[in-house]
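Below is one structure, written out as structure tokens; the observations come after it.
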Amino acid sequence: MDGGTVTEDEEASGRYIVVKALEDGVVIMGLTRGKDTRSHHSERLDAGEVLIAQFTGLTAAIKVRGKAEIMTDVGKVASGL
Ligand code: TRP
């Protein structure tokens, strides 16, 4: 396979979410698509840092732990206490 090819497994849906950490140590986890759900990647953000993440063939769900502002296609929500 050539280097530029995106496999079906990794195909991006085009949908993004934006997460802005409102405290240090916010964790964002990518959860796998398919029969079993496991965390395949996690990112730690400190206060003020922003992550823009995309849903893909591999990532069906995204979990956020800690205080953050989350923007998605379906609206804006706050996580954490
Ligand atoms: N493996 C699950 C699936 O493909 C991942 C998933 C999708 C999920 N939506 C979810 C996990 C909502 C928790 C909550 O269906």
In nm, spacing of pseudo-spin labels at Arg65 and Thr32 (7 Å Cα→C-beta vector): 1.9
State to the nearest 20 debye the size of the charge dipole of the range 8-79 about its Cα centre, where the only charges are +1 on K and R beta carbons and -1 on D and E beta carbons. 300
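Listed highest first by mean packing, meaning other Cβ atoms within 10 Å per residue, what order do 38-50, 20-32 come in?
Packing order, densest peptide first, comes out as 20-32, 38-50.
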For the range 33-81, I need the span (max minus min coordinate) of the C-alpha atoms along each principal axis, in Å, sorted largest to smallest. 33, 23, 20
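Could you check how much of the accessible area of the range 8-79 is carbon and sulfur, as a whole percent, using a 1.4 Å probe?
Whole-percent figure for carbon plus sulfur exposure: 48.
Residues with beta-carbon under 14 Å from that of Leu31, excluding Leu31: net charge, scoring Lys, Arg +1 and Asp, Glu -1?
Result for the neighbourhood of Leu31: +3.
The values are calculated or read from the model by the stated rules, or taken from the named source; none is laboratory data. As the structure is a prediction and not an experimental result, all values here were calculated from the model. So basically every Cβ, Gly included, is an ideal-geometry build from the backbone, and we count neighbours across all protein chains shown. Surface accessibility is based on the protein's heavy atoms, side chains included, excluding ligands, DNA and RNA. Shrake-Rupley method; radii C 1.70, N 1.55, O 1.52, S 1.80 Å.
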